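One structure below.
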Amino acid sequence: MITQELQEKLISLSKQALEKSYSPYSKFAVAAAVLTEKGDIFTGCNIENISYGLSICGERAAIFKMISEKGPQEKIKAIAITTKPDIPCTPCGACRQVIQEFSLPDTLVIFKSDQDFVAMTTGQILPGAFTEFTALDQDGTSKRIQKGV
Ligand code: THU
C-alpha cells in the first residue's frame, strides 16, 4: 500500500503525461504513471496509429518504459491512470493482463471511477488472471510454465 500523498503525486504526473499523447484519431488522451517497487516513477501515454490496431495504450507505454529502462526484474507498486477529457476510465483488458504480469500481491491500480479516483488491487480488477499453463513438448513431455519463470 502507498500513502495518499504518493497516490496524488502519481495522478498528477500521469496528468502531465497526457500532454504527450498522440491520439489524433480517438481524440482521447490516456496516460499512466508507474511507481516501481524500488521507488522509481515512469510515465507513458497512448500512441495511436492510422492502422488503429497498432496503437498502444498509455498504461502499457509506461510499463514497457519501466522494463526497457530498468530491466525484467522490475515490479509495479502502483499505477495511476488519467484521461483527457477527464472522465471515469478503467484500464482495458489487455492492459490489465500486462499490469498483472509485473504486479505484486498488493499492487494498486488507481483510476477515476464515477467522481473520484479509486485504488484497487490487480486481483480485484482481473480476478482469475491467466498466470500459468502446461506446455506440451513434441516428445510428449509436459512442463508447467508460470508467470515470470
Ligand atoms: N486507451 C488507453 O490508452 N488505455 C486504456 O486502458 C483504454 C484505451 C486508449 C487507446 C486509444 O488510443 C484510445 O484510448 C481510445 O480507445
Notebook entry, point to check: Between residues in region 88-103 that are closer than 15 Å to Lys77 by Cβ and residues that are of a type outside the set (A, V, I, L, M, F, W, C), which pairs lie under 6 Å by C-beta distance while being six or more apart or on different chains?
Noted result: Ile99/Thr122; Gln100/Thr122; Phe102/Lys75; Ser103/Thr122
Check: If you check Ser55, Ser21, which single one turns out to be over 26 Å from Ala119 (Cβ atoms), out of contact with any Pro (no Cβ under 7 Å at 6 or more places or on another chain) and either crowded, with 16+ Cβ neighbours inside 10 Å or small (Gly, Ala, Ser) (or both)?
Finding: Ser55
Checklist line | Count of residues meeting criterion [more than 21 Å from Ile11 (Cβ to Cβ) and either of a type in the set (S, T, N, Q) or buried (at least 16 other Cβ atoms within 10 Å of the Cβ) (or both)] in region 102-111 | finding: 0
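Name every residue in region 79-93 that is over 15 Å from Leu10 (Cα atoms) and either in contact with a His (Cβ under 6 Å, 6 or more places away or on another chain) or more than 8 Å from the ligand (Cβ to nearest atom) (or both), in order of residue number.
From region 79-93, those over 15 Å from Leu10 (Cα atoms) are 84-93; that's our starting set.
Of everything in region 79-93, those that are over 15 Å from Leu10 (Cα atoms) and either in contact with a His (Cβ under 6 Å, 6 or more places away or on another chain) or more than 8 Å from the ligand (Cβ to nearest atom) (or both) turn out to be Lys84, Pro85, Asp86, Ile87, Pro88, Gly93.
Test of understanding: among Ser21, Ser26, which residue is more than 17 Å from the chain's Cα centre (by Cα) and under 22 Å from Thr90 (Cβ atoms)?
It is Ser26.
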Notebook entry, point to check: Give me the pairs: first residue in region 26-37 and without any contact (Cβ under 8 Å) to a residue 40 or more places away in the chain, second residue within 8 Å of the ligand (Cβ to nearest atom), beta-carbon distance under 9 Å, and six or more apart or on different chains, which are they?
Noted result: Ser26/Asn46; Ser26/Glu48; Ser26/Ser55
Notebook entry, point to check: Applying the selection to region 30-52, what residues are within 16 Å of the ligand (Cβ to nearest atom) and surrounded by fewer than 22 Cβ atoms within 10 Å (Cβ to Cβ)?
Noted result: Ile47, Glu48, Asn49, Ile50, Ser51, Tyr52
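Every number here is computed from the coordinates shown, using simple stated rules; none is lab data. Just so it is clear, the structure is predicted and the values come from calculations on it, not from any experiment. Virtual Cβ from ideal backbone geometry, glycine too; neighbours counted across all protein chains shown.
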